[in-house]
Amino acid sequence: MLPAEVLKKIKRIHIRSRRMADTMMAGHYRSVFKGAGMEFEEVREYSPGDEIRSIDWKVSARMGRPFIKQFREEREMVVMLLIDMSRSGFFGTGESLKVDKAAEVASVLAFNAIKNGDKVGAIFFTDQVEQYIPPKNGSAHIWRVIREIFTFTPTSRGTDIDEAVAFLARVCRKRTVSFVISDFLAEPCTRTLRLVGRKHELISILLSDPGDFLLPGTGLLTARDFETGRDVVLDLSNRRCREKVRQVKLAEKAEIMDEMKRAGVDIIDLSTEASTTDALTRYFTWREGRRR
């Protein structure tokens, strides 16, 4: 039996996420990821107006006239949710912790995938892969993923994006659309992201909280790194100290954004206080524009 408070939180996120998917999100998702998985069907003779880059040069040379490759959209796509369960996710200064926002965005994406006829799987990770949930269909499967986020107890505290993405490549032979949901407080993983991104569509969702950047203005604060356990005493009455912390954290975030760009991975910036729907809609709208 789950504690009443946890069960209430799970139900609230489940209902809210399904409502988001039932309204404005579904059309955007379908449009953005349409044709993400394509498989070869046949070749046919070239007709004026066909894409030149679709020409099958080997067949054309053999037949003495141009032929093009035709592909058909795969009916079923696999969506993987790589969810960071390290200790830094259990931080928040408002109504939601980072792990709560991770659960919400994972649920919205999962509901959209299910409505589109896709399968959804999940990988929970810290500095190791903690749990793998194979891709399946159905809303009951989404309920399981949400429940696991709030009830799963990881064995480690740190974060290793490399290990999680490499595990994805090992267990998913078929191309996936994979969302890496994390605050990315980890060692750089550009090389692994770039390599795995050649086969899988990787999209990072960078979680943050206003408290990551803004500290209160009075008192002494003993700050503990959730993942290393190290303590640092900060004088919050010192404006320079507060500003230095803010600048350091902003620089760290900018470096994460640059790392994703270098790896060729799209990134969605999502605060615990921001609207999940708005952030995903902005991204999907941008993706639609890029496709056109």
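The values are calculated or read from the model by the stated rules, or taken from the named source; none is laboratory data. Bear in mind the structure is a predicted one, so any value in this text is a computation, not a measurement. Backbone-built Cβ (ideal geometry, glycine too); neighbour counts: all protein chains shown. Side chains included, ligands, DNA and RNA excluded: accessible areas come from the protein's heavy atoms. Shrake-Rupley method; radii C 1.70, N 1.55, O 1.52, S 1.80 Å.
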Inset, instruction - Inspect segment 220-231 for any residue being closer than 30 Å to S107 by Cβ, modelled with pLDDT of 85 or more and not basic (K, R) and give the result as yes or no. - result: no
Legend entry - Some residue of segment 87-102 being open to solvent by 60 Å² or more (accessible area, probe 1.4 Å), farther than 29 Å from G158 by Cα, out of contact with any Lys or Arg (no Cβ under 6 Å at 6 or more places or on another chain) and at pLDDT 90 or above: no
Inset, instruction - Among what's in segment 125-145 and is in contact with a Lys or Arg (Cβ under 9 Å, 6 or more places away or on another chain) and open to solvent by less than 30 Å² (accessible area, probe 1.4 Å), pick the residue that is farthest from I15 (Cα to Cα). - result: T126
Inset, instruction - Please give the strands (runs of 3 or more DSSP E) falling wholly within segment 151-246 in which 1 or more residues are free of Cβ contacts under 8 Å to residues at least 24 places away in the same chain, under 22 Å from V99 (Cβ atoms) and not small (G, A, S). - result: 220-224
Inset, instruction - Among residues belonging to segment 236-251 that are surrounded by 12 or more Cβ atoms within 10 Å (Cβ to Cβ) and of a type in the set (A, V, I, L, M, F, W, C), point out the one that is farthest from L221 (Cα to Cα). - result: L250
Inset, instruction - Look through I161, I205 and report the one residue that is within 28 Å of K8 (Cβ to Cβ) and buried (at least 19 other Cβ atoms within 10 Å of the Cβ). - result: I205
Inset, instruction - Within segment 56-78, identify whether any single residue is in contact with a Pro (Cβ under 9 Å, 6 or more places away or on another chain), within 25 Å of T276 (Cβ to Cβ) and at pLDDT 90 or above, and answer yes or no. - result: yes
Legend entry - Per-region count, segment 199-245, residues of a type in the set (G, A, S) and under 30 Å from F284 (Cβ atoms): 3
Inset, instruction - Consider A186 carefully, then state whether it is in contact with a helix residue (DSSP H, G or I) (Cβ under 6 Å, 6 or more places away or on another chain), open to solvent by less than 60 Å² (accessible area, probe 1.4 Å) and not basic (K, R). - result: yes
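Among what's in segment 253-292 and is among the acidic types (D, E) and in contact (Cβ under 8 Å) with a residue 40 or more places away in the chain, pick the residue that is nearest to S178 (Cα to Cα).
Within segment 253-292, the first condition is being among the acidic types (D, E), and the residues that meet it are 255, 258-259, 266, 269, 273, 278, 288.
After this cut, where a residue has to be in contact (Cβ under 8 Å) with a residue 40 or more places away in the chain as well, the list is 259, 266, 269, 273, 288.
Values: E259: 17, D266: 11, D269: 16, E273: 24, E288: 18 Å.
Within segment 253-292, the match that is nearest to S178 (Cα to Cα) is D266.
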